[in-house]
Amino acid sequence: MTATMIPLVNLKRQHVFLEAEISEAIAGVIAANAFIGGKEVTAFEDEFAHYCGTDHCVGVANGTDALIIALTALGVGRGDQVVTTATSYFATAEAIGRVGAEPIFCDIDPDTAIFDIGLLEQLVTSSTKAIVVVHLYGRPAQMDHILDVAQRRGLFIIEDCAQAAGATFGGKRVGSLGDIGCYSFYPSKNLGAMGDAGAIVTNNQELALKCRKLANHGGIERYEHGLVGFNSRLDGLQAAILRIKLAHLDEWNQQRKKIVRHYRELLDDPHVDHLTYPENEDHVHHLFVVRVSDRDQLMHDMHGLKIGTAVHYPVPLPFLPPYGESGFGAGDFPQASQHAKTAISLPIFPLMKEEEVRRVAEALKKLANAKS
Ligand SMILES: *Cc1c(COP(=O)(O)O)cnc(C)c1O
């Protein structure tokens with residue numbers, strides 16, 4: 001018997017389901033000849049701001065640009081330090097470096113894989129200008145504590161919401177809690193475009209206007225260039241597609257929660273180490289990550305059973321080549337290092353079937369137990 005492949009993410013299922021609607025929307029953009037800006041972009045920005053509970057949304061070209069533009073608009077640059085997590089996708093640190101600032105990495109809390117709020121304040125110096133919070137894997141960070149530190153120390157908070165579209169903290173959407181929120185709509189994110197796309201959300205009108213100008217060559221009107229900006233705009237086709245998908249985001253996130261509940265029941269096993277999932281938050285499970293020993297061999301064996309897995313992320317950010325000069329060594333960032341060695345992401349996507357969850361869980365359990 002040859003089992004079918006269960007990939008880490010299968011976008012085809014949601015696309016088959018939405019195909020007619022998406023085709024119609026694409027035809028509408030072509031008919032309107034509105035490829036950069038236009039009605040779909042404005043409508044998506046309004047709908048996404050409303051969804052996030054913020055006054056403003058500025059569509060941009062991708063999530064990395066959202067971070068770069070947000071940091072630039074806040075005036076973060078050369079000579080400034082920005083505290084962020086040791087465990088994230090490279091773009092989080094890259095954006096800080098791109099504006100000329102220095103990322104200061106914070107080790108993670110092993111229970112959550114999010115930066116350890118107990119260590120956070122010790123990293124703040126007189127040069128610290130901002131904190132970039134990452135709602136990693138779809139889990140909202142402990143924003144009450146982070147806001148308290150930021151307020152006391154006079155720091156900006158940028159929320160990297162790339163993995164957490166739909167997540168809430170204390171009843172508020174991520175991105176609406178700090179000074180500014182940055183979203184990626186990379187295709188595999190919880191809200192994904194069919195290409196690169198991103199957005200910035202904020203309640204600060206002045207900041208929103210500055211971001212909008214920065215994203216469009218420094219001005220709103222044609223040939224207005226009051227600032228040296230970027231060319232980083234959300235395009236009409238992506239906006240039209242995102243509007244359709246936004247209407248399904250909550251339902252898809254509910255499906256992710258159900259899949260995780262199922263996984264956790266099936267994977268209640270001494271050889272499978274789970275992250276914790278506290279009560280006072282709304283996790284949207286962009287990724288489902290557990291920790292196992294002998295992880296690389298296990299991934300190889302899972303692949304042999306036609307189950308796709310991945311590692312988020314194999315190297316903690318401070319150990320990547322751009323930060324090689326910083327003098328970190330073995331023993332630094334012990335929690336992020338241990339997590340990087342043992343973390344494995346299992347398949348999760350909306351419309352994943354119950355029998356697929358079972359097949360993945362049973363394979364992992366069997367392999368993890370055979371190794372011990
Ligand atoms: C995906 C991602 C980004 C970058 O988004 P792009 O749209 O790919 O530029 C930034 N931060 C995190 C945590 C991400 O997962």
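Just one of the numbered conditions (1) under 22 Å from His50 (Cα atoms); (2) β-branched (Val, Ile, Thr); (3) more than 16 Å from the ligand (Cβ to nearest atom) is not true of Thr128: (1).
When each of Ser345, Ser326 is tested for being among the hydroxyl-bearing types (Ser, Thr, Tyr) and within 23 Å of Asn190 (Cβ to Cβ), the lone residue that passes is Ser345. Evaluated against (1) surrounded by 20 or more Cβ atoms within 10 Å (Cβ to Cβ); (2) of a type in the set (S, T, N, Q); (3) in contact with a Leu (Cβ under 8 Å, 6 or more places away or on another chain), Gln255 falls short on exactly one condition, (1). Among the conditions (1) open to solvent by less than 10 Å² (accessible area, probe 1.4 Å); (2) under 21 Å from Arg13 (Cβ atoms); (3) more than 16 Å from the ligand (Cβ to nearest atom), the only one that Gly236 does not satisfy is (2). When Pro270 is tested against the conditions (1) buried (at least 17 other Cβ atoms within 10 Å of the Cβ); (2) under 21 Å from Gln338 (Cα atoms), the lone failure is (1). For segment 331-355, filtered to residues that are in a loop (DSSP other than H, G, I, E, B) and farther than 21 Å from Phe105 by Cβ, the residue that is farthest from the chain's Cα centre (by Cα) is Lys353.
Would you be able to tell me the number of residues in segment 101-122 that are open to solvent by less than 20 Å² (accessible area, probe 1.4 Å) and among the small types (Gly, Ala, Ser)? Total meeting the criteria: 2. Applying the condition of being of a type in the set (D, E, K, R) and modelled with pLDDT of 95 or more to segment 358-372 and asking which residue is farthest from Tyr263 (Cα to Cα) yields Lys366. Scanning segment 66-83 for residues that are more than 18 Å from Phe44 (Cα to Cα) and near the ligand (Cβ under 10 Å from one of its atoms) gives Leu67, Ile68. Looking across Gly77, Gly63, Gly37, Gly59, one residue alone is surrounded by fewer than 22 Cβ atoms within 10 Å (Cβ to Cβ) and touching a residue at least 40 places away in the same chain (Cβ under 8 Å). It is Gly37. Applying a threshold of 9 Å to beta carbon distances and a minimum spacing of six or more residues, or different chains, the list of pairs starting in segment 163-183 at a residue that is free of Cβ contacts under 8 Å to residues at least 60 places away in the same chain and over 20 Å from Asp65 (Cβ atoms) and ending at one that is open to solvent by less than 30 Å² (accessible area, probe 1.4 Å) and not aromatic (Phe, Trp, Tyr) reads Leu177/Val133; Leu177/Pro140; Leu177/Met143; Leu177/Ile146; Leu177/Ile157; Leu177/Glu159. Against the list (1) surrounded by fewer than 22 Cβ atoms within 10 Å (Cβ to Cβ); (2) within 13 Å of the ligand (Cβ to nearest atom), the condition Val29 fails is (2). Go through segment 193-220 and give me each residue that's closer than 18 Å to Leu177 by Cβ and within 16 Å of the ligand (Cβ to nearest atom). Ala199, Ile200, Val201, Cys211, listed by residue number.
Within segment 229-279, the residues that satisfy the criterion of being more than 18 Å from the chain's Cα centre (by Cα) and acidic (Asp, Glu) are Asp235, Glu251, Glu265, Asp268, Asp269, Asp273, Glu279. Looking across Asp282, Asp179, one residue alone is modelled with pLDDT under 95 and away from the ligand (no atom under 15 Å from the Cβ). It is Asp282. Is it fair to say Gly170 is on the phi > 0 side of the Ramachandran plot and within 12 Å of the ligand (Cβ to nearest atom)? When the stated conditions are applied, Gly170 does not pass them.
Just one of the listed residues (Ala247, Ala336, Ala343) is hydrophobic (A, V, I, L, M, F, W, C) and open to solvent by 20 Å² or more (accessible area, probe 1.4 Å), namely Ala247. Based on this model, can you work out whether Arg139 counts as surrounded by 19 or more Cβ atoms within 10 Å (Cβ to Cβ) and within 16 Å of the ligand (Cβ to nearest atom)? Against the criterion (surrounded by 19 or more Cβ atoms within 10 Å (Cβ to Cβ) and within 16 Å of the ligand (Cβ to nearest atom)), Arg139 qualifies.
The values are calculated or read from the model by the stated rules, or taken from the named source; none is laboratory data. Here the structure is a predicted model, which means the values were calculated and not measured. We place every Cβ from the backbone using ideal geometry, glycine too, and count neighbours over all the protein chains shown. Areas reflect the complete protein model, heavy atoms only, side chains present, ligands, DNA and RNA absent. Shrake-Rupley method; radii C 1.70, N 1.55, O 1.52, S 1.80 Å.
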